[in-house]
Amino acid sequence: MNEAKSETAQERTTTGLPGEIDDIADLRPAETVMDLQRLGSLQPFRLSFMRILVRQMVRDRWQIHCSQFELDDLGYGFAVYVLQAGTEIYSFVVFAVYLADGSRNDRVIAGQWDLTMALVQGEVTDSQLQHLRANVPLQEVGRMSPEMLVLSRANRSKRMFDNVVDSLATGLQPDISRLKDVGYLCRTTAVYGSGKFGMADWGVVQRSCRSFARPFAAEMFTCFMLRHFSVEQVQHIASHRAPETAVALDSDIRRYLGIGNATGLGMAPFLIKHPQLIGRWMTVREVSLARVLARGKVTPEILSRLLAMIEKVIQHTRETHVKDPAQLTRNYQLMAELTNLSERLIGHQDFTDWQWLKARLIERYSLDTIETMYSLMIELYPHLVDDMEEYLGADEHLQLRPEIALSELKRTIESQYDWALSIDFRKPESQHVFWYRSEEKMEPRLGERYVESGADKELPVQVARSVKACHALIVSDLLLHADSDVVHFLLRHPDQISIVRRIQTMTPLIYGDIRANLADQDMQPMHLLRAKLSFFGVSKFDPKSRLWVRNTMFQGAPLISELDSGRDLDDWYFPVAPIG
Amino acid sequence: MRVSRNELIELLKLVFESLGFDQGDYESASQLVTYAEMWGLDGLEALADALSGQGLQQHKAVRLIEEGQGSAVVDGRGLSSLLCLRSAADLAYVKSLSVPVGQVAIVGCQQRILVLQHLVNLGHRGVVCGASWWDGVDYNFLHLLDVVSENSDARPSYRVYRFEPGEVEAARAEQLFVYCSSSQQAVSDYQAQVLPALGKPTRKIEAAEMRANFEASLVAGILVEDALWFDLIELAAKMLVPTSIQSRLGAGD
């Protein structure tokens with residue numbers, strides 16, 4: 001997608017934000033923003049969920065203390081941490097068990113884990129703890145209670161965990177160069193919320209848990225606590241193994257340790273199933289960018305900070321170890337382009353506003369560099385963008401407009417979904433893959449339509465195909481019922497209700513539907529994963545196949561002990577290794 | 001056992017999909033059942049009734065058999081409300097845009113209590129609406145669902161009245177009337193015109209009580225009989241693709 005080519009188009013009418021916060025004329029068009037390849041180039045930014053959560057923890061001076069730490073010498077047992085967030089109290093409960101190296105599996109279908117954990121509303125009672133002990137280690141097979149907000153599990157990083165314990169036990173800090181390779185002690189493989197397995201419904205969390213009322217805030221906090229526990233666990237094991245010699249981790253190293261995460265295809269259908277929510281996330285990012293472009297002043301100090309940030313991104317990327325050839329090429333290109341850009345910016349007379357830089361970026365640089373620079377530009381102006389963190393949630397309700405003339409719906413589809421109508425679904429390659437749920441923990445998977453069975457149970461993620469089929473039906477229906485409205489069309493064609501409801505809901509919104517054919521032979525599911533993960537705020541994006549990715553959460557984030565230090569701790573974007 | 005709203009809706013989607021429902025139908029049907037239960041109107045009992053009857057197997061389109069400016073009659077073809085109300089409530093709304101009260105009668109319609117969430121959805125749009133139907137063997141029972149809309153919030157209430165045999169002329173069995181308006185007064189006038197004189201209801205759930213039921217279900221979870229839950233899981237499993245080496249490759253192995 002050529003961004004410059006599409007800059008003039010501005011067809012949709014509203015951001016969907018309360019009170020029309022900004023003039024939508026300044027926003028990039030949906031054909032640019034919702035292009036799948038561009039979504040696959042997004043980087044975390046200051047309104048990513050982890051960044052917002054940490055700012056909230058610091059701002060509201062969250063107090064976290066350990067109320068029970070019942071681990072044996074080898075680190076097995078359980079621990080309970082209590083969070084006091086204003087008047088609200090929550091408990092993070094984690095169970096640690098022995099797991100043989102051969103039993104460790106990062107896939108969602110695994111049945112055993114080193115660690116299992118839950119986030120619970122209130123302080124846990126003894127009977128609650130008993131219930132948690134009986135059910136949390138079972139994960140999907142267990143039955144949770146409405147006081148629980150999040151259920152998760154994690155495995156040790158074999159490479160790092162034992163190495164760090166060994167180093168600490170002998171009185172040494174771990175080798176920084178090895179830390180750069182991994183960056184975490186434990187890796188979470190699933191984080192469940194939103195009412196799964198009997199836990200609290202999102203409607204309850206949103207209303208009754210002020211601290212976690214933003215999308216995925218409770219899930220992110222659970223990962224933050226896992227990070228804390230993983231450090232406490234290695235220190236505990238080291239100190240019991242060698243009480244005389246063991247040392248604690250240096251705080252710089254503790255800060256550098258994040259939590260690993262393995263993410264597969266489960267995230268992809270989410271993006272299709274929640275177009276209003278995804279549209280809102282994109283709107284928040286784009287409004288932030290538009291504000292910076294329009295109001296951000298380029299001063300010598302800002303330029304100097306920008307250059308330092310670019311340098312940091314280059315180092316961060318250099319420290320990101322990936323084996324996937326395509327990702328490796330992209331990372332090298334990003335570093336080369338950022339180096340080139342940085343050299344051009346130094347002392348450049350014409351760089352007096354962001355529009356100038358934007359034009360140069362579109363003209364000469366790759367999508368990865370463009371979107372990275374936009375993340376950095378947003379980072380520079382907290383006062384222009386931070387209020388947008390309140391708007392990341394969306395009231396998700398697809399609504400039909402049955403009274404609208406069918407001919408108007410046809411015109412709407414032709415103007416707003418022209419990208420879908422342009423796809424030729426008669427070509428076999430346009431229908432090459434299908435998405436389905438496996439009987440193994442209902443894991444979403446991709447199948448090859450002409451080879452595998454299961455296409456009759458296809459997940460409804462093919463918005464483009466449905467839109468095109470609906471349009472064809474409307475065209476033929478109008479020949480017989482020229483004056484029809486939508487409701488009469490639906491009485492004749494009830495199988496079209498879902499797609500019509502979606503089209504009518506999404507049409508007035510500037511962003512929402514991802515503009516891609518998700519059944520195409522060349523479709524890259526990784527782009528979908530990256531888009532969602534960028535909003536989570538993960539770093540070190542490391543594809544392990546076409547279908548799943550490892551990444552790092554909270555690397556560089558402040559420690560629990562630092563939350564009420566009164567210091568500005570919001571500088572942990574694109575984290576780099578401490579100097580060893 | 002108690003399950004969350006989200007959990008029940010997601011499971012029911014799979015259940016209805018496994019029964020051959022189209023996407024729009026299974027999305028809608030899962031909500032009709034879940035929300036009827038949450039408001040306190042026995043949505044799960046209606047679901048169990050539907051599952052044991054014929055109204056779900058006959059997957060066919062309803063027919064518009066009569067239509068005027070402000071009213072219409074739809075042949076529900078003996079289907080469950082989960083299927084035959086599809087666009088009927090929306091049609092009543094469209095009718096109400098040109099007359100004070102738009103009305104649609106659906107003939108041949110099972111589990112009519114499940115119309116509730118269609119009405120609540122209209123209420124969220126600012127529409128005042130309601131539904132009525134008759135049933136009973138020894139007596140005639142008139143069921144009334146009313147939805148008042150205030151600031152985009154929909155407040156449903158439910159009443160049932162009993163009449164002696166021969167006391168009133170009841171509408172045909174399995175018939176459901178849905179009516180909409182932009183005016184509360186217009187709906188009251190309409191009810192006074194078409195309904196018999198109403199005495200004391202034999203069953204009454206006020207809007208406040210229904211709201212309290214909803215909130216309690218949301219917070220504490222929805223109570224589902226274990227046997228029904230496991231039946232639903234079994235039905236839902238039909239939409240899952242069996243494991244194979246190939247399918248594991250499709251997850252990135």
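The values are calculated or read from the model by the stated rules, or taken from the named source; none is laboratory data. If you're wondering where the values come from, they're calculated on a predicted model, not measured in any experiment. Cβ: placed from backbone, ideal geometry, glycine included. Neighbour counts: every protein chain shown.
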Seminar exercise, completed: With criteria (1) touching a Ser or Thr at 6+ places or on another chain (Cβ under 8 Å); (2) modelled with pLDDT under 95; (3) more than 7 Å from chain B (Cβ to nearest Cβ), A:Asp477 comes up short on (2)
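Scan the stretch A:331-350 for residues that are small (Gly, Ala, Ser), free of Cβ contacts under 8 Å to residues at least 12 places away in the same chain and in a helix (DSSP H, G or I) and report the count. Walk me through how you get there before you give the answer.
Initial filter on the stretch A:331-350 (small (Gly, Ala, Ser)): A:336, A:342, A:347.
Keeping just the survivors that are free of Cβ contacts under 8 Å to residues at least 12 places away in the same chain gives A:336, A:347.
Next cut, in a helix (DSSP H, G or I) only: A:336.
Qualifying residue count, the stretch A:331-350: 1.
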For this session: Could you pull out the residue among B:Ala61, B:Ala46 that is over 25 Å from B:Pro196 (Cα atoms) and within 16 Å of the chain's Cα centre (by Cα)?
Result: B:Ala46
For this session: Look through B:Leu116, B:Leu41 and report the one residue that is touching a strand residue (DSSP E or B) at 6+ places or on another chain (Cβ under 8 Å), away from every other protein chain (no Cβ under 13 Å), under 30 Å from B:Ser181 (Cα atoms) and part of a loop (DSSP other than H, G, I, E, B).
Result: B:Leu41
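Do you know which of the residues in the stretch B:19-43 that are among the hydrophobic types (A, V, I, L, M, F, W, C) and more than 19 Å from B:Ile233 (Cβ to Cβ) is nearest to the chain's Cα centre (by Cα)?
Across the stretch B:19-43, the extreme among qualifying residues is B:Leu32.
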Problem set entry | Count of residues meeting criterion [surrounded by 14 or more Cβ atoms within 10 Å (Cβ to Cβ), of a type in the set (A, V, I, L, M) and either without any contact (Cβ under 8 Å) to a residue 24 or more places away in the chain or away from every other protein chain (no Cβ under 14 Å) (or both)] in the stretch B:217-231 | 2
Problem set entry | The one condition in (1) at pLDDT 95 or above; (2) assigned to a loop (DSSP other than H, G, I, E, B); (3) surrounded by fewer than 15 Cβ atoms within 10 Å (Cβ to Cβ); (4) not small (Gly, Ala, Ser) that A:Glu396 fails to fulfil | (1)
For this session: Considering every residue within the stretch A:449-456, establish whether at least one is assigned to a helix (DSSP H, G or I) and either among the acidic types (Asp, Glu) or buried (at least 22 other Cβ atoms within 10 Å of the Cβ) (or both).
Result: yes
Exercise. Any chance the stretch B:28-45 includes a residue that's closer than 28 Å to B:Ile222 by Cα, among the charged types (D, E, K, R) and crowded, with 20+ Cβ neighbours inside 10 Å?
Worked result: yes
Exercise. Scanning the stretch A:494-517 for residues that are within 14 Å of chain B (Cβ to nearest Cβ) and more than 17 Å from A:Glu408 (Cα to Cα), which turns out modelled with the highest pLDDT?
Worked result: A:Ser498
Exercise. Where in the stretch A:198-285 are the helices (runs of 4 or more DSSP H), entirely inside, with at least 1 residues that are in contact with an Asp or Glu (Cβ under 7 Å, 6 or more places away or on another chain)?
Worked result: A:217-241
Exercise. Considering A:Cys223, A:Cys209, which residue is modelled with pLDDT of 95 or more and under 16 Å from A:Thr116 (Cβ atoms)?
Worked result: A:Cys223
Problem set entry | Residues being of a type in the set (Gly, Ala, Ser) and more than 14 Å from chain B (Cβ to nearest Cβ) - total across the stretch A:409-458 | 4
Exercise. In this structure, is A:Asp520 surrounded by 20 or more Cβ atoms within 10 Å (Cβ to Cβ) and assigned to a loop (DSSP other than H, G, I, E, B)?
Worked result: no
Exercise. Before we move on, is A:Phe161 away from chain B (no Cβ under 14 Å), among the aromatic types (Phe, Trp, Tyr) and part of a helix (DSSP H, G or I)?
Worked result: yes
